[in-house]
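Undergrad: Quick one: the structure is below, questions incoming.
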Amino acid sequence: MGKVRLVDIAARVGVSSVTVHNALSGQKGVSDGLREKIVKTAKEMGYRQDVPAKNAHGGKEKFWKIGVIIAENYLAQYSTYYWKMYQELSLIATEKHCYTTIEVLKKDAEKKSRELPQIVKNKSIDGLLIIGEIEKEYIRHLKKDLSVPLVFLDFYDSEIAKDAVIADNFYGMYQMTELLFAQGLREIGFIGSVFATSSIMDRYCGFMKSVMEHRVEVPPEWIVEDRDALGQVGFELPRRLPQAFVCNCDLVAGMLISRLQEQGYRVPEDISVTGFDNFQQPGFADMKITTYEISTKTMAKVALDKVLKQLRNPERGRNLEIISGHIIWKNSVKIR
């Protein structure tokens, strides 16, 4: 029998892998009865936690405590992509002899009071990961009082957030747009608020590289804003529609398909739609959206490795890592 994994124990007990991780690593949020059942099941299945490697002095390697911060607006309704990323991170951390602790950054703290996270004020962590883009002024304020390695996951800024791991948003969206041109579609719009996040801007730039190479003019009304200043997703369609829309994420693509169908349009027969991330939100899982898949597990692993490299050697791990993905063909694009 192969190595027993957390997911194997979870399947046997009937809980999530994260719950198994929390139970076996002694973290809060698991009842005593369930923890006892998980520990017993793990023992019966022959699960063994890896023994930490010895350090240069012959002692056991330290178990690092890694703090994770996610802004409150990313955990709102439908915004579960980063929560999935955190779950991947917490599972990988267990295998690498780390504990993770998460703290939600409240909107008021980020945008007004600039109050530091408790895990930073208490100096209770060895390294810090920030998932998603947050206010640049808050980052500057945070870094003044931070004495541990800091790595950004899914956000990069050459001045203040250069120790980062991001998806290949630019060439990923370039490939999605090229896919539409390859099917003979030349009237193509983009849905996404370009200045809302650096990820959306990168995806828009990839889209524009493709349309410029094909010498195609995109009417301004086909560049559609998809969210307000608070990050609430919603958009209005232009009166005249293109042959296809490139959407900055699968959530928007799913919303678009629903809107088009309500107005009597068929997808993809009348209008083709592509998404990005290959992360289906509740209610949109059956839409079969052609998209660009990013491995959240790979991104989380690389980000954690960067933190650990800095902990073991402060001169290492300080750069930008770009994780490529691949196209997932489904049913939302008309094939000629």
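Undergrad: Which aspartates and glutamates, on any chain, are close to K43 with Cα under 19 Å apart, when same-chain ones fewer than 8 places away are left out?
TA: Correct list for K43: D8, D32, E95.
Undergrad: Using the Cα centre of the chain as the reference point, and only Cβ charges (+1 on K/R, -1 on D/E), how large is the resulting charge dipole? Debye, rounded to the nearest 20. Can you show the working numbers first?
TA: Working: 47 positive and 43 negative charges, 267 e Å.
Once rounded to the nearest 20, the dipole reads 1280 debye.
Undergrad: Now for a different question. Excluding residues on the same chain fewer than 8 positions from K330, give the lysines whose Cα lies under 20 Å from its Cα.
TA: K288
Undergrad: Right, here's the next one. Enumerate the amide H contacts of G325 below 5 Å, restricted to partners 5 or more residues apart or on another chain; note that Pro and chain-start residues carry no placed amide H.
TA: Those qualifying (amide H under 5 Å, at least 5 residues apart or on another chain) are D168.
Undergrad: Next question. What ranking, highest mean first, results for peptides 175-187, 87-99 when packing means the other Cβ atoms within 10 Å averaged over each residue?
TA: Taking the mean over residues of other Cβ atoms within 10 Å, the ranking is 87-99, 175-187.
Undergrad: Which of K306, K43, K65, K84 comes first, and how do the rest follow, when ranked by fewest Cβ neighbours within 10 Å?
TA: So the residues, fewest neighbours to most, are K43, K84, K65, K306.
Undergrad: Now for a separate question. Cα-Cα over 24 Å: which of K111/K162; K107/K144; K65/K121; K209/K301; K84/K301?
TA: Pairs exceeding 24 Å: K209/K301.
Undergrad: Here's another thing I want to ask about it. Pull up the DSSP beta bridges for the chain and report the antiparallel fraction as a percent, rounded to 5.
TA: So the antiparallel bridges amount to about 15 percent of the total.
Undergrad: Then there is this: Quick query: amide H of V224 versus all other amide H atoms, modeled in the peptide plane; which residues come in under 5 Å with a sequence gap of 5 or more or a different chain?
TA: F190, I191, G192
Undergrad: To make sure I understand, if each residue's beta carbon is the centre and we count other beta carbons within 10 Å, what order do H141, H326 fall in, fewest to most?
TA: Going from sparsest to densest Cβ surroundings: H326, H141.
Undergrad: In sequence order, what are the phi-derived ³J(HN,Hα) couplings for region 269-279 according to the Karplus relation 6.51 cos²θ - 1.76 cosθ + 1.60 with θ = phi - 60°, rounded to whole Hz, with x for glycine and proline?
TA: Karplus values, whole Hz, x for Gly and Pro: 4, 9, 9, 8, 9, 10, x, 7, 3, 6, 10.
Undergrad: Give the residue from L180, F245, T19 lying farthest towards the positive end of the charge dipole for the chain; charges sit on Cβ (+1 for Lys and Arg, -1 for Asp and Glu) and the dipole is referred to the Cα centre.
TA: Going by the charge dipole, the pick is T19.
Undergrad: Of N278, N122, N248, which is the most mobile in a GNM of the chain whose springs link Cα atoms less than 10 angstrom apart?
TA: For the chain, modelled as a Gaussian network with Cα springs under 10 Å, the answer is N122.
Undergrad: Out of all DSSP beta bridges with both ends in region 169-293, state the antiparallel percent to the nearest 5.
TA: Working: 1 of 12 bridges.
Bridges in region 169-293 are about 10 percent antiparallel.
Undergrad: Same structure again: From the phi of every residue in region 302-311, what ³J(HN,Hα) in whole Hz does the Karplus formula 6.51 cos²θ - 1.76 cosθ + 1.60 yield, where θ is phi - 60° and glycine or proline is x?
TA: So the Karplus estimates, Gly and Pro as x, are 5, 4, 5, 4, 5, 4, 5, 4, 5, 5 Hz.
Undergrad: Follow-up. For A164, what residues show an amide H to amide H distance below 5 Å, using hydrogens built from the backbone and excluding near sequence neighbours?
TA: F152, N319, L320, E321
Undergrad: Can you put W83, W329 in order, fewest other beta carbons within 10 Å first?
TA: The most exposed by this proxy come first: W329, W83.
Undergrad: Nearest 20 debye, what's the magnitude of the dipole of region 99-209 about its Cα centre given +1 on Lys and Arg Cβ and -1 on Asp and Glu Cβ?
TA: On the way: 15 positive and 17 negative charges, 64 e Å.
Once rounded to the nearest 20, the dipole reads 300 debye.
Undergrad: What FRET efficiency do you get for K40 and Q118 if R0 is 45 Å and r is their Cβ-Cβ distance, rounded to the nearest 0.05?
TA: The pair K40/Q118 has a calculated efficiency of 0.85.
Undergrad: Ok, one more. Between I160 and R266, what FRET efficiency comes out of the Förster formula 1/(1 + (r/R0)^6) with R0 = 56 Å and r the beta carbon distance, rounded to 0.05?
TA: Calculated transfer efficiency: 0.75.
Undergrad: Also, I was wondering about something else. Got a sec? Which residues in region 217-245 would a label at Q183 touch, if it sits 7 Å along Cα→Cβ and we count backbone N under 15 Å?
TA: Counting backbone N atoms under 15 Å from the label point, the list is 242-245.
Undergrad: Rounded, prolate or oblate, given the Cα gyration tensor of region 169-293, with a/c below 1.5 counting as rounded? Show your work: numbers first, answer last.
TA: Details: a/c = 1.28, a/b = 1.09, b/c = 1.17.
It is rounded, given that a/c, with a ≥ b ≥ c, falls under 1.5.
Undergrad: Sorted by mean Cβ packing within 10 Å, highest first, what order do the peptides 226-233, 12-19 take?
TA: Result, highest mean Cβ count within 10 Å first: 12-19, 226-233.
Undergrad: Also, I was wondering about something else. Pop a pseudo-label 7 angstrom from the Cα along the beta-carbon direction at both E213 and V4 and give the gap in nm to one decimal.
TA: If labels sit at E213 and V4, their model points lie 5.1 nm apart.
None of the figures in this text is laboratory data; all of them are computed from the coordinates on show. Because the structure is predicted, anything quoted here is derived from the model rather than measured. Using ideal geometry, Cβ is built from the backbone for each residue, glycine included, and neighbour counts are taken over all protein chains shown.
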